[in-house]
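Remarks on the structure that follows.
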Amino acid sequence: MSSPEAPPQEGYGDAGDLLADVGEETAKLRDIAARIVALDEDAELPDEVIQEAMTALTRLYTVKFQVGERWSPFTDSQMVPATSVMIMTTAMCRAVNVELFELGMWQAWSGA
């Protein structure tokens, strides 16, 4: 987990408050969608756009989870291979300095 000296990141808290503003994240996704539509047909999707979309989608899913909604992040018609989930989960945990053991403990404690 993050070190005690690290300043808290904006949008995150342990006070029981929602971890994101739904309106703000939805506006970000609309902006991202507009930027994608504006790209030339053969243009490569910039990594930063993918990162911004993942961030907004993760925050929105988190709020849904916090208010008690439990549904698969993937539609039945577009299932994702387990390897893809493991790659993404590993990258996300590394990005926020969370070890797999910590994730397992959180799942056990939270009932997730």
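Every number in this text was worked out from the coordinates using simple rules, so none of it is lab data. Note that the structure is predicted; figures quoted are calculated from it, not measured. Positions of Cβ are backbone-derived with ideal geometry, glycine not excepted, and every protein chain shown enters the neighbour counts.
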Open item on the list: Within a 10 angstrom radius of the beta carbon, how do LYS64, LYS28 rank from fewest other beta carbons to most?
Closed with: LYS64, LYS28
- [ ] Mind jotting down the three principal axis lengths of the chain based on Cα atoms? Whole angstrom, largest first.
- [x] 46, 32, 28
Open item on the list: Can you tell me, using C-alpha contacts under 8 Å and at least 6 residues apart, the relative contact order of the chain as a whole percent?
Closed with: 34 percent
Open item on the list: Could you work out how much longer the chain between GLU48 and ILE87 gets when fully extended? Use 0.36 nm per residue separation minus the Cα distance between them, nm to one decimal.
Closed with: 12.2 nm
Open item on the list: Can you give me the distance in nm between label points at GLN78 and ALA27, each placed 7 Å from the Cα along the Cα-to-Cβ direction?
Closed with: 2.5 nm
Open item on the list: Cut-off is 10 Å between beta-carbons; in what order do ARG94, ARG70 appear when sorted fewest neighbours first?
Closed with: ARG70, ARG94
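Sorted from fewest to most neighbouring beta carbons within 10 Å, what does the list ARG59, ARG35 look like? Please list the in-between numbers first.
On the way: ARG59 19, ARG35 15.
Final ranking by Cβ density, sparse to dense: ARG35, ARG59.
Residue separation times 0.36 nm, minus the C-alpha to C-alpha distance between TRP106 and LEU19: what's the value? The partial results should precede the final answer.
Numbers: separation 87, 0.36 × 87 = 31.32 nm, distance 1.62 nm.
That works out to 29.7 nm of additional length.
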